[in-house]
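A short reminder: the numbers here are calculations on the coordinates, not readings from a lab. What you are looking at is a predicted structure, and each value in this text was computed from that prediction instead of being measured. Note that each Cβ is placed from the backbone with ideal geometry, even for glycine, and that neighbours are counted across all protein chains shown.
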Amino acid sequence: MSATTGKTIIDFRHDIAPIGSGLSGHASAVSSAFNNISAIGGVVVKELLRRKDFYVLFVLTAIITVVMGSVNFFNETKIVRYVKELCLLLIWVSSLVIAVTTAARQIPFERENRTLFPLLAKPVTRAQVVLGKFWGCWLAVGLALAVFYVFFLVLGATRDGEWPIAQTFQALTLHWFMLGVVIAMTVLGSLVFAAPSSNNTITFVFVLGILLMGRHLNKVALRLDEPSQTLLYSIYYVVPHLELYDVRDLLVHGWSSIPWLVWLGALAYAVVYAGLFLLGACVLFKRKSVN
Amino acid sequence: MPRGRAPFIGGLLLALGLGLVTWLEPWYQSWSGSRTGSANLLSVALGDSRRLFAKHFYVKADAYFHSGYYPSIFDQRPDEDKLHMAANAGSGNHQEDLPARGQPNDWIDRFGRYFHPSVHTHLGDAKCNDPHHAHEHVHGPDCKHDDNDHDAHDGAKAETREQRELLPWLKLAATLDPDRPETYITAAYWLRSHLDKVAEAEQFIREGLQHIPGEPELLFELGRIYRENHKDINRSRRIWQASLSQFRKTRTTEETEDLLLYAQMLINLAKLEEEAGDYAKAADYLKDLLVVSPNKAALQKSIDALTAKAAPQK
């Protein structure tokens, strides 16, 4: 794959051409689909590595955290929680920005640059394009998150000498799976909304709304009269509860790790919602005119 | 528009702008809403909204005191002037602990409690998100945890010095709203009583007194530092007397918080005089308290005992 300024061009001879050759039957189809998806995903990862977004956000996060961590409060050198909280807040903001903006531009830019036609002319289905874009964004965000969380872990250890590996791993994986839902939602949005900017705005509002209000919708619903109560409670059950994945308070205040079965249940919950959004995106993209 | 007119219109607008500046600038400087008089950058940038932020950070410190376990705005929250973190800090307020969290409303609520602090603890307690460790839990034969789990938690309490985590938020709250005495008192209490930072506590209280000169609560806390930490009885007496005098000048005992502060001052002064052997003076302080105290019978007994002790002195 090569890129000129702002354009994504897929080099089929290098990236996708060998896929599926020499194989036949069901295994061949699955293998081919998997290879197609991972090849398209690889392109997205390379795109994120080339762009400056991640580096700028990481450097900003690091600088702000280190500067705030160097403030002296009453000559107490081991105060750490406020630094951790700030660092995690910046990580959450940065990762959301990276995830939403990266996912929102994938398909619209392919259409705009007319690279979608040659892509679909090859043995790549529309569903594979959607899944490949999702996989690439998710993988790229995962890599970015890993760097952020390693920084967080090292920062905390330099202040209080503790290495909460299990808790940090849980926080990282929960965060990553939550972003999987957000990316799937954004990919679906990129097929519904006219421009990436509107998709970005609507997704941000929706995600922030859930993160801030999701946990409390049921309490608000219980105070309402019928039929508003049933309506709001239904919304509460239907929306993906992204706030579940926000375990910053547990990490900041040194709580013990979440039971692993519960953690696994949360990951499965995210997989279900991401799957639903991706299914919607695949169906919509299949019916949509690419011209 | 013809080309020749553009410089003319431009010049006209420039002259109008300069003329308006000469009229507006003196008015703005003398305008009561102008923030140019303040040397404080935060005050200039945030105006009066800094008080809201200060309150938020003060409440944030209380959330830290509960290790992140804190009711949201949709739950029953304690009054921000009566936070549990300020208990025993000598600010004269009633302090309330957080209400116990009720049963989950649904399966998402139940499931969600694993992902945020949902057990009531205080800084220094060992934490796990198991409901077994809730304060209201009574250990029974059916419990899966051993008794020594709780012992270990209690043992950890004295050593951790985790209370230091409150300090950044209290300092920030005091910076944003320097006229709020509770912030100084609460920070000073934790500094001197749990973190062995008496000098820093005294310095912070004095900082508060620079912003709110003669504030009785701050003077009372300063007196406590001299009494309890420096063991300087004479100085603490003088400071408490100044605090009492300031209280009588500026406050009444109509409000419960003020009444409590007044009672604390008089009781501490009475105790001080009793320890110094001046029983008559101690009785005088208690007589002042008798006027406003709801528990007159018990107080009268103490006064009688002190008067009896004072009689042989005469």
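Apply 1/(1 + (r/R0)^6) to the Cβ-Cβ distance of A:Val271 and B:Leu46, taking R0 = 45 Å, and write down the FRET efficiency to the nearest 0.05.
E(calc), rounded to 0.05, equals 0.55.
Taking a ≥ b ≥ c as the square roots of the Cα gyration tensor eigenvalues, with a/c under 1.5 meaning rounded and otherwise prolate when a/b beats b/c, else oblate, which class fits the stretch B:239-314? List each step's numbers first, then the result.
Numbers: a/c = 2.77, a/b = 1.53, b/c = 1.80.
It comes out oblate by the Cα gyration axes.
To the nearest whole number, what is the average tally of beta carbon atoms from other chains within 10 Å of the beta carbons of peptide A:247-257? Each step should come with its number before you reach the end.
Working: counts 4, 3, 9, 9, 1, 5, 12, 7, 11, 6, 2.
Taking the mean over all residues of the peptide, I get 6.
Counting other C-beta atoms within 10 Å, and keeping those with at most 16, which DSSP coil chymotrypsin sites (Phe, Trp or Tyr not before Pro) do you find in the stretch B:257-300? Let's see the in-between values first.
Working: sites: B:Tyr262, B:Tyr279, B:Tyr285; in loops: none.
The qualifying sites: there are none.
Extension gain, A:Ile64 to A:Ala121: 0.36 nm times the residue separation minus the Cα-Cα distance gives 15.8 nm. Using a simple spin-label model with points 7 Å from Cα along the Cα→Cβ vector, what separation in nm is obtained for B:His211 and A:Leu212? Here the answer is 2.8 nm between the modelled labels. Legend: mean number of C-beta atoms from other chains within 10 angstrom of residue C-beta atoms, peptide A:76-88, equals 4.
Expressed in Å, the radius of gyration and Dmax of the Cα atoms of the stretch A:77-198 are 18.0, 62.
Rounded to whole Å and sorted largest first, what semi-axes of the equivalent ellipsoid does the C-alpha gyration tensor of the stretch A:171-214 yield via the square root of 5 times each eigenvalue?
Working: eigenvalues 81, 33, 9 Å².
The answer is 20, 13, 7 Å, longest axis first.
Among B:Ile73, A:Ile64, A:Ile183, A:Ile258, sorting on how many other beta-carbon atoms sit within 10 Å of each Cβ, with the fewest leading, yields B:Ile73, A:Ile64, A:Ile258, A:Ile183.
Residue by residue, the stretch B:60-72 carries 3J(HN,Hα) couplings of 4, 4, 5, 4, 5, 4, 9, 6, x, 7, 8, x, 7 Hz when phi is fed to the Karplus relation 6.51 cos²θ - 1.76 cosθ + 1.60 (θ = phi - 60°); x denotes Gly or Pro. Identify the residues of the stretch B:178-210 with backbone N under 18 Å of a label point that sits 7 angstrom from the Cα of B:Leu260 along the Cα-to-Cβ direction, or state none. B:180-190, by backbone N distance to the label point.
Say R0 is 56 Å: what FRET efficiency, to the nearest 0.05, do A:Ala27 and B:Gln76 get from their beta-carbon distance? According to the calculation, E is roughly 0.40. Evaluating 6.51 cos²θ - 1.76 cosθ + 1.60 at θ = phi - 60° for every residue in the stretch B:267-280, the Karplus couplings come out as 5, 5, 5, 4, 5, 4, 5, 5, 5, 7, x, 8, 5, 5 Hz, glycine and proline recorded as x.
I need the helices of chain A that pass two filters: whole DSSP H segments spanning 27 Å or more by Cα along the axis, and mean Kyte-Doolittle score no lower than -1.0. Walk me through the numbers on the way to the answer.
Details: long enough: A:25-50 (38 Å, 0.65); A:81-112 (46 Å, 0.68); A:126-160 (50 Å, 1.30); A:165-192 (40 Å, 1.60); A:260-287 (40 Å, 1.66).
Span-like helices, by this rule, are A:25-50, A:81-112, A:126-160, A:165-192, A:260-287.
Considering helices alone, the calculated mean residue ellipticity of chain A at 222 nm is -25000 deg cm²/dmol, with DSSP H runs of length four and up weighted by -39500 (n - 2.57) and normalised per residue. Comparing A:Pro240, A:Pro227, A:Pro196 in a Gaussian network model of chain A where C-alpha atoms under 10 Å apart are linked, the largest mean-square fluctuation is found at A:Pro227. If you run the Gaussian network model on chain A, springs between alpha carbon atoms under 10 Å, then out of A:Leu222, A:Leu60, A:Leu244 the most flexible one is A:Leu222. Model label sites at B:Asp196 and B:Lys231, defined 7 Å from Cα along the beta-carbon direction, differ in position by 1.6 nm.
Other chains near A:209-216: what is the mean number of their Cβ atoms within 10 Å of each residue's Cβ? Intermediate results must be reported in sequence, preceding the final value.
On the way: counts 0, 0, 0, 1, 2, 2, 8, 4.
Counting other chains' Cβ atoms within 10 Å and averaging over A:209-216 gives 2.
Remark on chain A: hydrodynamic radius 20.8 angstrom, per the Kirkwood mean of 1/r across alpha carbon pairs.
Sparse packing (at most 13 other Cβ atoms within 10 Å of the Cβ) combined with a DSSP loop state is found for the following trypsin sites (Lys or Arg not before Pro) in the stretch A:214-259: A:Arg223. For the pair A:Phe169 and A:Ala194, a Förster radius of 45 Å applied to the C-beta separation gives a FRET efficiency near 0.65, rounded to the nearest 0.05.
Within the stretch A:99-198, the GluC sites (Glu not before Pro) that combine a DSSP coil assignment with at most 12 other C-beta atoms in a 10 angstrom radius are A:Glu162.
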